[in-house]
1. Looking only at residues that are surrounded by 14 or more Cβ atoms within 10 Å (Cβ to Cβ) and touching a helix residue (DSSP H, G or I) at 6+ places or on another chain (Cβ under 6 Å) in segment 104-115, which one is farthest from ALA154 (Cα to Cα)?
2. Going residue by residue through segment 178-190, is there one that turns out to be surrounded by fewer than 18 Cβ atoms within 10 Å (Cβ to Cβ) and in a helix (DSSP H, G or I)?
3. Residue under question is SER148, and the condition is that it be under 30 Å from SER105 (Cβ atoms) and surrounded by fewer than 21 Cβ atoms within 10 Å (Cβ to Cβ); does it hold?
4. Looking at PRO33, PRO74, which one is in contact with a Lys or Arg (Cβ under 9 Å, 6 or more places away or on another chain) and either open to solvent by less than 20 Å² (accessible area, probe 1.4 Å) or of a type in the set (Lys, Arg) (or both)?
5. Taking the stated definitions as given, is VAL76 part of a helix (DSSP H, G or I) and more than 30 Å from THR164 (Cα to Cα)?
6. In this structure, does SER214 turn out to be over 13 Å from the mean Cα position of the chain (by Cα) and among the hydroxyl-bearing types (Ser, Thr, Tyr)?
7. Looking only at segment 91-113, how many residues end up being among the charged types (D, E, K, R) and part of a helix (DSSP H, G or I)?
8. Of the numbered conditions (1) part of a loop (DSSP other than H, G, I, E, B); (2) in contact (Cβ under 8 Å) with a residue 40 or more places away in the chain, VAL88 satisfies every one except a single condition; which is it?
Amino acid sequence: MRAGRAIHWLVFGFFSLPLAGAAAQVNLPTPEPYLLVRSMRMLQDQVASGKPEALPMLNRVLGHIAEQLRAAKPEVWQKPANAYAIFVYLLNGGNPEVVRAILASAKLDQVDPKLVAGSLAYADGDTLHFVENFQEIPPNVPSELVASIYLVTATQLAAIDAGTALKRLDYIRLNAPGTLLEEAALRRGLTIAARLGDKDKVRLLARNYLQRFSYSPYSEDFFRQLVDALMELKDRVSNDEIEEIAALAWPRARLPLYLRIARGALVAGDLARARFVSERADKLAAELKTDDTQAKLYLAVSNVGSDKTGDAKFMLSKLPRDRLHERDAKLLDAALAMSSRILAQPIPELAAPPKPAARSAPVQASAQSSAPAAGSAAPTTDEPDPLFLETRKKLDAIDALLGRTGK
C-alpha cells in the first residue's frame with residue numbers, strides 16, 4: 001500500500017505541486033529506484049493504451065527519475081530490486097549516461113557480469129556485443145527485465161534465428177500483457193512472422209494489436225509493418241482475410257490501411273488485389289464522407305489494361321490533381337498516358353483483311369518484285385509490333401514509378 005501511494009505521488013502529485021509549496025516537500029523521502037522505474041513503466045503503458053495526457057507527463061517524469069537516480073546513495077544498489085531496476089530503466093528509454101555513471105561506481109555483486117556488459121554495450125550502441133551478452137539470460141532475473149532484453153534484441157536476433165526471435169516476442173506477450181512491451185512485441189512480431197511465412201501468426205498478432213492498442217501513438221508504425229507483412233505473404237493471405245483484419249480497425253484508421261495495401265499491391269504488380277482493396281477504400285471513403293481521390297486513383301490504375309480501360313481513363317481524367325501527393329500525381333500522369341495509348345491501338349478483330357492479289361497480275365520472277373513497295377507495311381511475323389513495344393515501355397514506366405515511390 002505504501003509503495004502504491006509513493007508511485008501515485010510521484011506521477012500525479014510531485015508535478016502538480018505549486019511552486020510556492022514545493023520547498024515544503026523537500027524533506028519527503030525519495031522513492032526507491034525500483035519504484036521510480038515502476039512509475040516510468042506505468043506511464044509508458046498508459047501511453048500505449050492511448051491516453052493523451054500520459055506522453056507529456058512521461059517526458060517530465062523521465063527527467064525527474066534521472067535526477068533521483070544520479071543522487072541515489074551507493075548502498076541503495078545493494079538491494080536486488082533496485083539493481084535490476086537500473087537495467088529496466090536503460091532498456092526502456094532511460095538516460096544511458098545516468099546508467100553508465102551508476103554501473104561505474106556502484107558495486108553490483110549480485111548481478112551477472114554479462115548483464116552489466118550487455119547493458120553497457122546497449123548504451124554504447126554496440127549491437128554485436130549487446131546481442132552476444134544477452135544471448136542467454138542469467139538465472140533469477142525478473143521477468144520484466146527478461147522481457148525488456150528480449151524486445152531490444154528481437155530485430156538483431158531475427159536476422160540469425162527468426163524462430164527463436166519470434167518465441168521471445170511470444171514470451172513478452174504472455175508475461176507482460178497490456179504493457180508497452182507487449183505493444184512493441186506485437187509490432188515487431190509481424191515482420192518476423194511474415195518472413196517465416198506464418199500467415200496465421202500474422203493474423204493473430206494483427207488482431208491482438210487492433211483489439212488492445214487501437215489508440216497507441218505508435219499505431220502508424222504498426223499499420224506500416226502490417227502492410228509490409230501482407231505484401232511479404234502475397235497470395236497466401238486471401239482478400240477475405242485482409243478484409244477480416246481491416247474490419248477490426250476503427251473506420252478512420254481502416255481507410256488509410258486499405259490505401260496502403262492498394263499501393264503496395266500495385267507496387268507488387270498484383271492488380272487483382274489492388275482493385276479489390278481500392279474498391280473497399282472507395283466505398284469506405286463515401287461512407288465517411290471524406291476525400292476519395294486517392295482511392296479512385298488506385299482503383300483506376302488497377303483497371304488500366306483491362307476491359308475497363310475506357311472507364312479507368314475517364315475516372316483518371318476527372319481526378320483533382322491538387323488533392324494528390326506529388327508521387328500520386330506522377331502516377332496519375334503515367335496512367336493517363338498508358339490508358340490513352342492502349343485505347344488508341346486498333347482492335348485486331350476489326351482490322352481490314354489484306355486484299356488478295358489480282359489473278360490477272362503477271363508473276364514477276366525478279367528479286368526486286370518480291371520486296372515490299374515503298375510505304376507499304378513490312379512483314380511482322382517475326383518482329384513485335386512497335387505499338388506493342390511502346391505500350392510495354394509505358395507499363396514498365398508505371399512499374400518503375402511505383403517501385404520508386406511505393407515505400
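1. The first filter runs over segment 104-115 and keeps only residues surrounded by 14 or more Cβ atoms within 10 Å (Cβ to Cβ), leaving 106, 108, 111-112, 114-115.
Cutting the leftovers down to touching a helix residue (DSSP H, G or I) at 6+ places or on another chain (Cβ under 6 Å) gives us 106, 108, 111, 114.
Numbers: ALA106: 29, LEU108: 26, VAL111: 23, LYS114: 18 Å.
If we take residues in segment 104-115 being surrounded by 14 or more Cβ atoms within 10 Å (Cβ to Cβ) and touching a helix residue (DSSP H, G or I) at 6+ places or on another chain (Cβ under 6 Å), then ALA106 is farthest from ALA154 (Cα to Cα).
2. Let us first name the residues in segment 178-190 that are surrounded by fewer than 18 Cβ atoms within 10 Å (Cβ to Cβ), namely 178.
Next cut, in a helix (DSSP H, G or I) only: none.
There is no residue in segment 178-190 that is surrounded by fewer than 18 Cβ atoms within 10 Å (Cβ to Cβ) and in a helix (DSSP H, G or I).
3. Criteria not met by SER148.
4. Details: PRO74 fails: either open to solvent by less than 20 Å² (accessible area, probe 1.4 Å) or of a type in the set (Lys, Arg) (or both).
That would be PRO33, the only listed residue that is in contact with a Lys or Arg (Cβ under 9 Å, 6 or more places away or on another chain) and either open to solvent by less than 20 Å² (accessible area, probe 1.4 Å) or of a type in the set (Lys, Arg) (or both).
5. Working: part of a helix (DSSP H, G or I): yes; more than 30 Å from THR164 (Cα to Cα): yes.
Answer is yes for this residue.
6. On the way: over 13 Å from the mean Cα position of the chain (by Cα): yes; among the hydroxyl-bearing types (Ser, Thr, Tyr): yes.
Taking the combined requirement at face value, the residue satisfies it.
7. Residues of segment 91-113 among the charged types (D, E, K, R): 97, 100, 107, 109, 112.
Filter again for part of a helix (DSSP H, G or I), leaving 97, 100.
So the count comes out to 2.
8. Result: VAL88 fails condition (1) only.
The values are calculated or read from the model by the stated rules, or taken from the named source; none is laboratory data. Because the structure is predicted, anything quoted here is derived from the model rather than measured. We place every Cβ from the backbone using ideal geometry, glycine too, and count neighbours over all the protein chains shown. Ligands, DNA and RNA are excluded from the accessible area calculation, which covers all protein heavy atoms including side chains. Shrake-Rupley method; radii C 1.70, N 1.55, O 1.52, S 1.80 Å.
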